[in-house]
1. Please say if the stretch 16-61 is rounded, prolate or oblate, where rounded means a/c under 1.5 for a ≥ b ≥ c the square roots of the C-alpha gyration tensor eigenvalues, and otherwise the choice is prolate for a/b larger than b/c and oblate otherwise?
2. In whole Hz, what ³J(HN,Hα) sequence does the stretch 177-182 give by Karplus (6.51, -1.76, 1.60; θ = phi - 60°), x for Gly and Pro?
3. If packing is taken as the average number of other Cβ atoms within 10 Å across a peptide's residues, how do 59-67, 19-27, 248-256 rank, most packed first?
4. Residue-wise, which Karplus ³J(HN,Hα) couplings in Hz belong to the stretch 46-56, taking 6.51 cos²θ - 1.76 cosθ + 1.60, θ = phi - 60°, and x for glycine or proline?
5. Pop out the ³J(HN,Hα) list for the stretch 104-117 in order, Karplus 6.51 cos²θ - 1.76 cosθ + 1.60 with θ = phi - 60°, rounded to Hz; leave Gly and Pro as x.
6. Return the long-range amide H neighbours of residue 154 (sequence gap of 5 or more, or a different chain), with a cut-off of under 5 Å between placed amide H atoms.
7. For 49, 271, what ranking results if the residue with the fewest other Cβ atoms within 10 Å of its Cβ goes first?
8. Which part of the stretch 178-200 falls in the paramagnetic zone of residue 169, meaning amide N under 16 Å from the point 7 Å along Cα-to-beta-carbon?
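We did not get these values from a lab; they are worked out from the coordinates using the rules stated. Small disclaimer: the values here were computed from a predicted structure and weren't measured. Here the Cβ positions follow ideal geometry from the backbone for every residue, glycine too, while neighbour counts run over all protein chains shown.
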Amino acid sequence: MAIKRRRPVNPSLRFQTFIDNSDLTTDKPEKSLIDGSIKRCSGRNAYGRITVRHRGGGAARNYRIVDFRRSQKDVEGIVSTIEYDPNRNVRIGLVKYTNGAKTYVLMPNDLKVGSKILASVNAEARVGNSMPIRAVPVGFFVHNVEVKPGSGGKFARGAGTSIQIVAKSETHATLKMPSSEIRLVLLDCWVTVGILGNADFKNICWGKAGRRRHLGFRPSVRGMAMNPVDHPHGGGEGRSKSGSHPMTPWGKGCKGTRTKKKVNPLVLKRRKSNK
């Protein structure tokens, strides 16, 4: 996949870039793996309170049920199609198993239509296969990593991401995360071998605000443009933020200020800060 530009026939296309979709094999998802009952919450929690700002709206989309648990154990499957998923920035592949089951999986690099994959304790450590960490050699790059055995993959599920297995002990494996954090995970946690594809997604130039609105992102307003009642940086004569340090709308420090209080004993080295 590569970044493409369109002929600038109007101002909105002048700086826009797009991901080449030549790798996609179909534009019709598997009907049995679509859940139309899932609705977006626009950044709100179970109580209806906004916990993630600047979310809402966007084009309608159906949710594709991706098998993060790799539930078809010890059954060989073949990748039949490569599809676009509007709910994530990485491609998904439809896998048909020899027992008749169908599932969606995240598509790593070097996995193509016709490739065979297997989820098993005794599976070979090659791209697309899933197995416990204890069966993967040290130094390999993996994705879709479980936090707890049987919980389903939680780490490294975005485009171009991967986790490197740095070392192993009797009970835990040492992983280097995409954020440069180094942490421990139990050897019984399942992983999938390979680096996820579509890494050029981060290089897209969206070109106009409307394109981001279609994805469900709402505008963000500077604190200095608000009133004092709305933000600590608001108010004042001219451009001033009342002499305060950079902070969030709720008075918490930002731009490098450490706010994490709970220490996780499984994290050996924290991720890099902006300082």
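1. oblate
2. In residue order, the calculated couplings are 7, x, 7, 6, 5, 10 Hz.
3. Details: 59-67: 15.1, 19-27: 12.9, 248-256: 11.1.
Ranking the peptides 59-67, 19-27, 248-256 by packing returns 59-67, 19-27, 248-256.
4. Going residue by residue, I get 5, 9, x, 8, 6, 10, 10, 6, 6, 10, x Hz, with x marking Gly and Pro.
5. 9, 10, 6, 9, x, 4, 6, 9, 10, 5, x, 5, 9, 10
6. Correct list: 145, 146, 147.
7. Fewest-to-most ranking of 49, 271: 49, 271.
8. Only 182-189 pass the distance filter.
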